[in-house]
Amino acid sequence: MAKKLVDILEEKGMSLNLQYGGTAPAELTDREIKKEPTPRNKKLRDIYFQTLSSTTCEFTYWYNRKFKEMDGDVIEIRRAAALKNAFVHSTPVIFPGEKLVGGKAPYYRGSFPYPWLSEGFFMAKEDELYQAALAAGKASADEVSTFGAGGGNVTKSFGNVVSISGKYGIRKEEVPVLTKLAREWVNKSVDDVGHKYEQLVPEYGIKENVMRSVICMFDSGYTLPQGREVINYYYPLNYGYDRLIEMCEEGKARVAGRPDGDGVAGMDRLYFYEAAKLVLEGIQAWYLNYAKEAKRLASVTADPAQKAEFEEIADCMEWIAHKQPRTFREALQMTWMIHVGVLQEDSISGMSPGRVGQVLYPWFEQDIEAGRITEAEVLDLLESHRVKMTCIDCFASMGVVAGVLSSNTFNNLTMGGLTRDGQSAANRLEMLIIEAGITCQTTNPTLSIMYDEKLPEEFLLKAIECEKAGTGYPAWMNNRGGMEFLMKQYGPEGMTLEDARAIAIGGCLETSPCVWKELTLNDKKYWIPGGAGQPTSVGVHFISNPKVLEMVLTNGYDARTGLQVLPPHNKKLETYEELVGQFKAYYEIVVDCLATTNNIQHDIWRKHNMCIYNSLLKPDCLERGQHIGNLGYRFNATFNVESCGTCNQINSLAAMKKLVYDEKKYTLAEMLDALKNNFGFKTAAQVGSFSLEAQEKRDDDTGKYDEIHADCLRAPKHGNNDPLVDPILKDYEEWFCDMCRKYESLYGKPMYACQISVSTHGAQGASTGATPDGRLAGTTFADASMSAYPGTDRNGAYALFESACCWDHSQSQNSQMNLKIHPNAVRGIEGAKKLLDLTRSYMRRGGYHLQFNIVDSKVLKDAQQHPENYRDLLVRVAGFTQYWVEIGKPIQDEIVARTEYEGV
Amino acid sequence: MTKLNHTDCRNYIPIDVAKGMCHAHGDKIILADGDTCPQFEALPKCKFCKNFTDVDDKGIGCCEGFKVKDWTYADLKAVTCEHFVK
């Protein structure tokens, strides 16, 4: 039997201890806080647990049909008419028991393809899909009853259901439709047209190799062209749709034929207003179709209580199709429909509701004061909202949905922070939002707190209670640090301190520019925050830092693919400075080729596929008469450079510095030989596990690399307040944050650093060989950007914080730190206060983001063995909470391995 | 025409590609491909529409209901279609 690393280390007296601060009890420990949703929402959530991720071509079909019919028209109008046609013809489905209605497709957890963005991955699968459809008919439909492991992922075809990308199910009869639609977009999609022109970039050849070697994870221009941004609900909430259509008509009359001094885009305003009007009419019809369906259901329902609920839904939908909402329920329903409407428009993940507890506060306050609603009723609606948000699926390729998103859609709800005039913005509705997050534990909306010293203790302790429920939310973000970043990045576009106070998180932990707008409800005025910037899911995404270092050590050659990825540097790397210098030089080559090629993809997107609905919602498109592509948004400098694997890169540089350059215990050649041979181990894929401790020696291994491997593992590691390692991190961060600003987005704005891993540390770890820190080939990188590598933070959380904060986090859009804590360590009110103190200390030290998994690692191991018992188990990955069963094994292994703190 | 199933019925509320609720039977969860019952009421779909012609063996045919004709498919729901004719 092959020897495992964990056994080898035991023999050497250097156990890989994945616990810190004590020893966890032998028995499984459950989470301390446990509450249940209302029976209504429990039933709705239980349906979700049984629901398969399902896709249909309905929206796609109606969009495509009108788009073809409008051939030759102005592109904005053509796209708007197509969207309108799709909204008008979407089938409304209402599930009995729902109070909030509406969805992305006529399924509980539905989605649909966007071949106008990218059709390639359906076409590549065409034969396979069709053959699967034919073959699957022979199988028994009873198989569906055994479908469970993997949550709602349709990992294989069965009965009349065909699996696409191992994730979505589509009815067999729709497969020919999917391929027919895809064929009609060949050479016309954003993907295809963008690809045609990106090849004109001189450095395109390098870019292609960078993608093949997975130094970069994905192109952003046609995969997820929008998202990781904060939506803005203000205009429909304040004006209602009838008035917005009037405003479009007024805009048309004002600008038709008048460039008003703008000879490039002035004339485009007419087309934008007309396009906005068309989309708004489609949205109204879509709402009204739900009203009709509710009335129909009421007419065929005998149960008087259910009948009354359908009638209430009809009344609500009819009203908000035209007017400003009258009640909290109507306002919540409207925000949900706006949210789904935007998600219909594009392939999007990370469309975040933002500070919705502050947006909806006017209705909450007035309804409570008037006795129109109770807090219990509000809580019931908020729980329903959670179930609805969790049903959002994003249709994209497997590499994106599985490799990056772990099937999540990152609808991040932000709380706390400051008001426009600098006071605590936390309110009673946000307390109820947190309570709903405890009682109805679901993945979305994930919750974030903008931590500020002005926030009241009661609010902070409520958030801690939620943490202890083991939900993995809320995340803690540094309000002041985030505002500093915004002022630096968007100051040139006119951002003021007041604007910066409207800050919210888009996606996982992407600091996003927002503004305040004045809302009037029953003659009372309120300032509400909302998104005012472009997506931050765009730019250069994600660069594998350890893989770039690997390129330095291999002279630009990737052994896995056999490609000379980067131009050979032909340097001897005789000094540490030369090594680091080459790392930076290679990194800049990678960023440069990705920035230029992605700029072209996004340019095609903005010309062919610009958003209309999302544009009209965000300041200042309606005022300016310009959509996103013409810089209608208030803030446009949102493109970024995302990194992955920072911790392993820093640890590897530290090991190289100590072992090769400072102490000279090994020559560079000896180190390279050990890395090339994976220190005598099998690859992670061969072992079938992606955590370090489970790795096994090759059968033919002679022990030749044991000593160097032990030294690499023993070399100083990030997270220990170490004088060798921390300066390496500081140097890297200062260079990285500065370097990103040298690159320009297609909008002529400087890019910036974004340091989150999402799930890419699994896929990018899988494609990277052994690293000088002792990590073995194919194993998952450390999560996030500031987290320590599992088992290597041996001086406690405060030492980890010191290391993480050795640089100025406000230079970057974010940084990311995840901690795993055993439930016993934070038990009781004393434990809650300790956890809050821990959080505060990181925020006060200048850390940007902190997130907890309050879970017993043994529970996770048991869940890997018995997933059928853990359908509702939530864990924090890296910026988002996900159901355990929907996460791929590389990430599961990494979460199991994270250091578990037994005390704080 | 292929054999009808629950997805062709107005009382069926689709949860996902494999199952849904039957509103005529107390919103009980049923498999999509099960046999229809006496309370079956046809859901408006292209395959039940007079404007749907020239259907091929994959269920794709022509929609003649709109001013501009185009292809469509048998199982497209037509609940919201202004030109659906039973």
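Here, each number is a calculation from the coordinates, and none is a lab measurement. No experiment lies behind these values; they were computed from the predicted model shown. Cβ sites come from the backbone with ideal geometry, for glycine too, and all protein chains shown count toward neighbours.
Where does the charge balance sit around residue B:5 when Lys and Arg score +1, Asp and Glu -1, over other residues with C-beta under 11 Å from its C-beta?
Summing Lys/Arg as +1 and Asp/Glu as -1 gives -3.
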| request: Take the Cα of residue A:702, step 7 Å along the line toward its Cβ, and report every residue of the stretch A:650-672 whose backbone nitrogen sits under 16 Å from that point. | output: A:670
| task | Would you mind classifying the stretch A:593-727 by shape? Square roots of the alpha carbon gyration tensor eigenvalues, ordered a ≥ b ≥ c; an a/c under 1.5 is rounded, otherwise it is prolate if a/b is larger than b/c and oblate if not. | result | prolate
| query | For the cross-link pairs A:277/B:45; A:547/A:676; A:277/A:524; A:468/A:833, which exceed 19 Å when the distance is taken from alpha carbon to alpha carbon? | reply | A:277/B:45; A:277/A:524
| message | Between residue B:35 and residue B:2, what is the label-point separation in nm under the 7 Å Cα-to-beta-carbon projection? | response | 1.9
| note | So, with points 7 Å from each Cα along the Cβ direction, the residue A:588-residue A:307 label distance in nm works out to 7.5
| query | Considering every pair of different Cα atoms, what Kirkwood radius, in Å, is found for chain B? | reply | 13.6
| field | Stokes-Einstein translational diffusion, the protein assembly as shown - Kirkwood Rh over all Cα pairs, 1.306 mPa s, 10 °C, in µm²/s | value | 55
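How would you rank A:58, A:312, A:465, going from fewest to most other Cβ atoms within 10 Å of each one's own Cβ?
Ranking A:58, A:312, A:465 by Cβ neighbours within 10 Å, fewest first, gives A:312, A:465, A:58.
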| request: With a Förster radius of 51 Å, plug the Cβ-Cβ distance of residue A:524 and residue A:262 into 1/(1 + (r/R0)^6) and report the FRET value to the nearest 0.05. | output: 0.85
| remark: At the level of C-alpha centres, the distance separating the stretch A:221-277 and the stretch A:688-745, in angstrom, is 49
| task | Counting helices only, and only those DSSP H runs with n ≥ 4, report the 222 nm mean residue ellipticity of the protein assembly as shown as the sum of -39,500 (n - 2.57) divided by its residues, in deg cm²/dmol to the nearest 500. | result | -12500 deg cm²/dmol
| message | What is the sum of charges, Lys and Arg at +1 and Asp and Glu at -1, for the other residues whose Cβ falls under 9 Å from the Cβ of residue A:393? | response | +3
| note | Here, GluC sites (Glu not before Pro) of the stretch A:541-582 satisfying both criteria (DSSP loop; at most 14 other Cβ within 10 Å) are A:574
| Assuming R0 = 35 Å, what is the FRET efficiency of residue B:58 and residue A:249, from their Cβ-Cβ distance, to the nearest 0.05? | 0.20
| task | Using the number of other C-beta atoms within 10 angstrom as an exposure proxy, rank A:773, B:56, A:393 with the fewest first. | result | B:56, A:773, A:393
| message | If I model a spin label as a point 7 Å beyond the Cα along the Cα-Cβ vector, how far apart are those points for residue A:808 and residue A:453 in nm? | response | 1.9
| query | Where the centroid of each part is defined by its Cα atoms, how far is the stretch A:549-600 from the stretch A:481-543 in Å? | reply | 35
| query | Given a cut-off of under 8 Å on Cα pairs at least six residues apart, what relative contact order in percent is computed for chain A? | reply | 17
